[in-house]
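Contents: one structure, followed by commentary.
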Amino acid sequence: MSLPLRPIAGTTGDVTAKNGAQSWFYTDVVKDHFFHPRNFMVEDAREGDYNAIGKVGSPACGDELRVWMKVDPESEHIQDFRWKTFGCGSAIASTSMASVMVTEGGGMTLEAARALKPQDIMDRLGGLPARKFHCSVLCDKALRDAINDYYRRTGQFDKIVAESARLIDPVAKVTDHDIEEAVLEGAHTLELVQQKTKVGIGNPGCLPAVEELIRFYKEKYFGAV
Amino acid sequence: MKREVYLDHAATTPMLPDVLEAMLPYLTHVYGNPSSFHSLGKNAKDAVDEARTLIASLLHAREDEILFTSGGTESDNLAVLGYARKNQAQGKHLITTQIEHHAVLEAMMHLEKKEGFEVTYLPPDRDGLVSAQQVEDALRPDTILVSIMSANNEIGTIEPIAEIGNRIQKWREVHGRPALLFHSDACQAAEYLPLDTQKLHVDMLTLNGSKIYGPKGTGLLFVKRGIKLQPLLFGGAQERSIRPGTENVAGVVGLARALAIAQRDREGQEKRLLPLREALIRGIQSSIPKTRLNGHPTARLPNNVNMSFMDIEGEALILYLDEAGIYVSTGSACTSASLDPSHVILALGLPYEVAHGSIRFTLGRSTTQEDMDYVIQKLPPLVAKLRALSPVNVEPKYFA
């Protein structure tokens with residue numbers, strides 16, 4: 001009775017059903033980092049072991065991430081990077097992979113780490129399901145938060161890159177961050193972003209700027225459009 | 001071989017061999033179209049008629065009150081959309097609960113947003129119960145439909161359907177509002193609860209095959225005689241033109257057989273599953289700190305355990321359990337495309353942290369005490385491992 005079924009398109013998964021017909025959503029690399037997370041903070045962080053910390057999210061929104069970073073003051077390379085994550089399999093695997101990427105080969109410089117994109121983390125993971133892209137963005141944000149924290153602690157205020165929100169639609173009170181979130185949640189067209197944020201509905205004058213931002217964030221998080 | 005423990009029976013059930021056997025002739029040599037006038041068509045039509053008669057007797061209903069559909073979702077949609085659209089001249093107010101299945105909830109929301117209806121979404125109490133008094137208090141002269149599920153698919157809470165139905169019936173008579181109807185989605189209840197539509201005082205009832213060891217893609221809507229529905233589909237005279245399309249003959253036969261077996265065995269199944277359910281609840285509570293049982297402690301389906309594990313996210317735990325061969329579900333964040341946590345857990349008045357960590361274990365005919373022991377043995381270290389990765393430490397006052 002068994003039929004030769006093909007693997008589900010788009011999955012190069014690992015948890016394979018007995019008949020070989022179905023595979024899990026996650027790649028082998030994701031699974032490896034999820035079941036064997038690297039560099040997570042085992043004990044409570046001790047003062048002095050780390051010279052920068054970062055935090056993003058809250059459990060209310062489904063993900064919370066904290067990172068502790070040790071930067072060599074001479075070379076400004078990342079020597080150690082530890083983390084704790086409340087989140088789904090993708091969030092845990094992305095954070096684990098990011099911790100490997102910023103510390104491998106003697107560690108990244110802070111400037112190189114700041115240039116790390118969610119796409120780079122996803123590439124190393126062999127991809128994530130579309131609806132999980134936002135998970136890899138979180139650790140990227142926490143990393144940048146920690147980099148700013150390091151510069152703050154060392155008095156290099158000119159190197160802090162503020163991530164303050166820019167008001168795009170004063171009528172609907174929608175910021176660029178709101179649009180970024182909407183794109184990350186899968187709203188890739190103006191119409192879908194409007195459904196999520198109500199941007200421009202009472203203020204159509206801002207729509208060209210909104211479309212530009214959608215293109216920008218699509219390119220940033222999902223690669224070339 | 002790795003041990004496999006399937007605890008996702010509220011998602012779907014494996015088909016019983018008896019059901020498959022009943023279906024097989026209609027998947028093979030009795031392939032006629034029930035609408036055809038030749039013998040092969042007649043044989044198929046006889047099978048559909050027999051199934052309908054059997055189901056009518058199980059529901060204490062008449063044959064012409066059973067409409068076959070493609071499943072629970074279609075039946076719910078047909079009940080809500082079909083009745084509201086056809087009878088909107090009688091009023092445009094609808095009542096449901098905040099913890100309804102999305103097949104009812106989203107149909108209601110659609111009517112509210114696009115078709116000018118008003119909908120009251122009743123909040124359940126902290127255990128997931130909705131009371132007859134709450135329903136009565138929400139009734140208005142322009143209310144035409146109340147839809148409340150018999151038992152909740154996520155937390156297993158059993159609603160007082162007969163009492164609510166009785167109250168609605170009385171209100172209808174006292175206030176002279178014959179258009180006011182009561183619908184209930186009983187998909188999760190059919191395996192364990194009685195389905196006598198007269199004792200339940202329901203005017204419409206949704207049932208499906210996939211939750212009762214029958215075939216997927218099969219369902220029915222009980223519609224009391226005289227009730228007018230606007231069809232969702234057009235194109236034939238089948239199912240009194242309310243649900244046209246060539247009958248799923250094998251599916252209908254399988255659905256009838258599955259429902260008959262479910263109702264025959266329901267008391268025995270309940271007796272067998274209750275101690276297993278309690279063993280799992282006690283086993284988890286005694287071996288893992290910071291958990292919360294969601295749903296009612298006793299007014300609960302005998303196969304449902306919904307537990308929140310604080311400080312971790314449900315999907316991560318599901319994947320760890322999957323690796324151990326334990327198959328469970330969550331209504332929380334990452335399993336749904338929307339990333340929203342379970343609307344049911346939130347409706348209980350519990351915070352997001354509790355909703356994100358909720359896991360549903362649903363037992364079934366194959367579940368044994370050994371399965372429960374295996375889960376209770378495997379679960380604590382997996383929860384501990386994920387908690388070690390987590391920066392969150394929810395205080396007890398938020399989930400007690």
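The values are calculated or read from the model by the stated rules, or taken from the named source; none is laboratory data. No experiment lies behind these values; they were computed from the predicted model shown. Quick reminder, even Gly has a Cβ in these numbers, built from the backbone with ideal geometry, and neighbours come from all protein chains shown.
Listing for the model above:
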{"item": "Residue count for the stretch B:183-235, restricted to those that are touching a residue at least 12 places away in the same chain (Cβ under 8 Å) and part of a loop (DSSP other than H, G, I, E, B)", "result": "33"}
{"item": "Verdict on B:Val305 being assigned by TED's automatic domain parsing to the domain that holds B:Leu59, on the phi < 0 side of the Ramachandran plot and among the β-branched types (Val, Ile, Thr)", "result": "no"}
{"item": "Some residue of the stretch A:79-95 being in contact with an Asp or Glu (Cβ under 8 Å, 6 or more places away or on another chain), more than 14 Å from chain B (Cβ to nearest Cβ) and of a type in the set (Val, Ile, Thr)", "result": "no"}
{"item": "Scan of the stretch B:375-400 for residues that are aliphatic (A, V, I, L, M), more than 9 Å from chain A (Cβ to nearest Cβ) and either crowded, with 19+ Cβ neighbours inside 10 Å or within 32 Å of the chain's Cα centre (by Cα) (or both), ordered by number", "result": "B:Val375, B:Ile376, B:Leu379, B:Leu382, B:Val383, B:Ala400"}
{"item": "Top-ranked residue of the stretch B:330-351 - restricted to ones that are within 14 Å of chain A (Cβ to nearest Cβ) and buried (at least 21 other Cβ atoms within 10 Å of the Cβ), ranked as modelled with the highest pLDDT", "result": "B:Ile345"}
{"item": "Residue in the stretch A:145-164 that is part of a helix (DSSP H, G or I), in contact (Cβ under 8 Å) with a residue 24 or more places away in the chain and either within 14 Å of chain B (Cβ to nearest Cβ) or over 27 Å from A:Ser99 (Cβ atoms) (or both) present", "result": "yes"}
{"item": "Subset of the stretch B:275-299 that is hydrophobic (A, V, I, L, M, F, W, C) and not in a helix (DSSP H, G or I) - its residue that is farthest from the chain's Cα centre (by Cα)", "result": "B:Ile288"}
{"item": "Candidate set: the stretch A:160-177, residues that are buried (at least 16 other Cβ atoms within 10 Å of the Cβ) and more than 15 Å from A:Glu211 (Cβ to Cβ); chosen: the one modelled with the lowest pLDDT", "result": "A:Ala172"}
{"item": "Some residue of the stretch B:123-139 being surrounded by fewer than 17 Cβ atoms within 10 Å (Cβ to Cβ), under 17 Å from B:Thr96 (Cβ atoms) and touching a helix residue (DSSP H, G or I) at 6+ places or on another chain (Cβ under 7 Å)", "result": "yes"}
{"item": "Where a residue in the stretch B:127-140 is assigned by TED's automatic domain parsing to the domain that holds B:Gly165 and its partner, wherever it lies, is among the hydroxyl-bearing types (Ser, Thr, Tyr), with Cβ under 7 Å and at least six apart", "result": "B:Asp127/B:Thr157; B:Gly128/B:Thr157; B:Leu129/B:Thr157; B:Val130/B:Thr97; B:Ala138/B:Thr120"}
{"item": "Residues that are more than 14 Å from every other protein chain (Cβ to nearest Cβ), closer than 18 Å to A:Lys141 by Cα and either acidic (Asp, Glu) or part of a loop (DSSP other than H, G, I, E, B) (or both), drawn from the stretch A:165-188", "result": "A:Ala165, A:Arg166, A:Asp176, A:Asp178, A:Glu180"}
{"item": "Cross-chain or 6+ apart pairs with Cβ under 9 Å, the stretch A:83-97 first and not assigned by TED's automatic domain parsing to the domain that holds A:Phe35, then modelled with pLDDT under 95", "result": "none"}
{"item": "Check on A:Phe216, more than 30 Å from A:Arg38 (Cα to Cα) and modelled with pLDDT of 85 or more", "result": "no"}
{"item": "Cβ-Cβ under 7 Å pairs, at least 6 apart or on other chains, the stretch B:17-32 side more than 15 Å from B:Ala262 (Cα to Cα), far side among the polar types (S, T, N, Q)", "result": "B:Val30/B:Asn43; B:Gly32/B:Asn43"}
{"item": "Filter pass, B:Asn43 being surrounded by fewer than 19 Cβ atoms within 10 Å (Cβ to Cβ) and over 29 Å from B:Ile227 (Cα atoms)", "result": "yes"}
